[in-house]
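Trainee: If you scroll down you'll find the structure; I have some questions about it.
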Ligand code: MN
């Protein structure tokens with residue numbers, strides 16, 4: 001199933017015919033009281049809501065996907081975890097290009113670990129990326145994004161697939177420069193998640209997906225998740241050995257080779273096999 005959020009916080013099921021509004025299922029969410037939970041309440045309840053969605057969808061007429069404003073499929077992730085250098089060819093290009101590494105120590109993920117992007121950086125494809133610090137190099141990074149579906153602490157790689165709510169396309173937008181990654185990758189709108197959440201039954205192996213991004217029609221990154229250094233189950237296991245993962249936490253699995261700058265006015269088209277494509281405007 002493909003689940004999207006759109007327009008004024010509507011929830012929809014996406015099929016070839018378009019989006020069918022199933023927002024009514026949100027009435028079943030438990031009341032959230034202060035202090036707020038560390039998880040996303042919708043993703044935490046998704047397992048229980050999924051069986052009700054097809055019936056709700058049958059009562060709705062389809063809306064063409066290009067007529068809605070797509071929001072992030074996860075509204076309130078507790079944290080956004082990201083893998084820095086998780087494709088070997090991207091490590092090679094980062095080491096070779098001072099415009100990327102800026103004298104920072106760039107090493108593969110086993111040494112570099114993972115980092116966090118601010119949850120306030122999150123937007124959906126329909127909201128676009130609003131660049132800041134225009135005098136500096138601002139890059140696109142297309143990545144397979146994993147959404148955590150249940151609380152996970154010290155899980156093994158074998159247990160990790162059971163912790164996944166679904167997959168999205170992620171854009172880890174990045175200002176190049178000497179500062180910490182968490183600063184350069186966390187301005188508002190520098191994390192794009194979309195176009196929808198694709199449930200794991202549609203993606204039997206997240207390590208077998210083609211991913212790409214075009215900017216103004218020109219292919220910039222064109223790669224395959226089979227080249228990931230740490231695969232999705234290993235990333236979840238490793239991450240859960242440092243912090244508890246909660247439903248709605250987002251894991252960006254790293255970007256392949258071909259990162260490059262974008263400018264206001266550019267149109268990005270990011271695609272991942274079995275998930276779909278999303279257009280994201282740079283302003
Ligand atoms: Mn990245």
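The values are calculated or read from the model by the stated rules, or taken from the named source; none is laboratory data. Bear in mind the structure is a predicted one, so any value in this text is a computation, not a measurement. Here the Cβ is made from the backbone with ideal geometry for all residues, glycine too, and neighbour counts use every protein chain on show.
Trainee: Considering only the stretch 34-145, give the strands (runs of 3 or more DSSP E) lying wholly within it that have at least 2 residues that are surrounded by fewer than 20 Cβ atoms within 10 Å (Cβ to Cβ).
Mentor: Values: elements: 80-82, 115-117, 138-140.
Counting at least 2 such residues, we get 115-117.
Trainee: Among the strands (runs of 3 or more DSSP E) confined wholly to the stretch 203-283, which include 3 or more residues that are touching a strand residue (DSSP E or B) at 6+ places or on another chain (Cβ under 8 Å) and within 16 Å of the ligand (Cβ to nearest atom)?
Mentor: Working: elements: 210-215, 218-224, 250-252, 267-272, 276-281.
Those strands (runs of 3 or more DSSP E) span 210-215, 218-224, 250-252, 267-272.
Trainee: Looking only at the stretch 200-214, how many residues end up being farther than 21 Å from residue 87 by Cα, in contact (Cβ under 8 Å) with a residue 60 or more places away in the chain and surrounded by 13 or more Cβ atoms within 10 Å (Cβ to Cβ)?
Mentor: Counting residues in the stretch 200-214 that are farther than 21 Å from residue 87 by Cα, in contact (Cβ under 8 Å) with a residue 60 or more places away in the chain and surrounded by 13 or more Cβ atoms within 10 Å (Cβ to Cβ) gives 0.
Trainee: Check whether at least one residue in the stretch 191-199 is surrounded by fewer than 21 Cβ atoms within 10 Å (Cβ to Cβ) and away from the ligand (no atom under 16 Å from the Cβ), and report yes or no.
Mentor: Start the filter on the stretch 191-199 by keeping residues that are surrounded by fewer than 21 Cβ atoms within 10 Å (Cβ to Cβ), which leaves 199.
Filter once more, so that each one left must be away from the ligand (no atom under 16 Å from the Cβ): 199.
Yes, because at least one residue in the stretch 191-199 is surrounded by fewer than 21 Cβ atoms within 10 Å (Cβ to Cβ) and away from the ligand (no atom under 16 Å from the Cβ).
Trainee: Still on this structure: Testing residue 162 on (1) more than 16 Å from the chain's Cα centre (by Cα); (2) more than 14 Å from the ligand (Cβ to nearest atom); (3) more than 26 Å from residue 208 (Cα to Cα), one condition comes back false. Which one is that?
Mentor: All conditions are met except number (3).
Trainee: Tell me, which residue of the stretch 52-73 that is under 17 Å from residue 27 (Cα atoms) and touching a helix residue (DSSP H, G or I) at 6+ places or on another chain (Cβ under 8 Å) is nearest to the ligand (Cβ to nearest atom)?
Mentor: Within the stretch 52-73, the subset under 17 Å from residue 27 (Cα atoms) is 52-57, 59-60.
After this cut, where a residue has to be touching a helix residue (DSSP H, G or I) at 6+ places or on another chain (Cβ under 8 Å) as well, the list is 52-53, 56.
Details: 52: 35, 53: 31, 56: 36 Å.
This residue is 53.
Trainee: Another question about this same structure. Report whether or not residue 87 is modelled with pLDDT under 95 and either more than 16 Å from the ligand (Cβ to nearest atom) or under 29 Å from residue 141 (Cβ atoms) (or both).
Mentor: Details: modelled with pLDDT under 95: yes; either more than 16 Å from the ligand (Cβ to nearest atom) or under 29 Å from residue 141 (Cβ atoms) (or both): yes.
Yes, satisfied.
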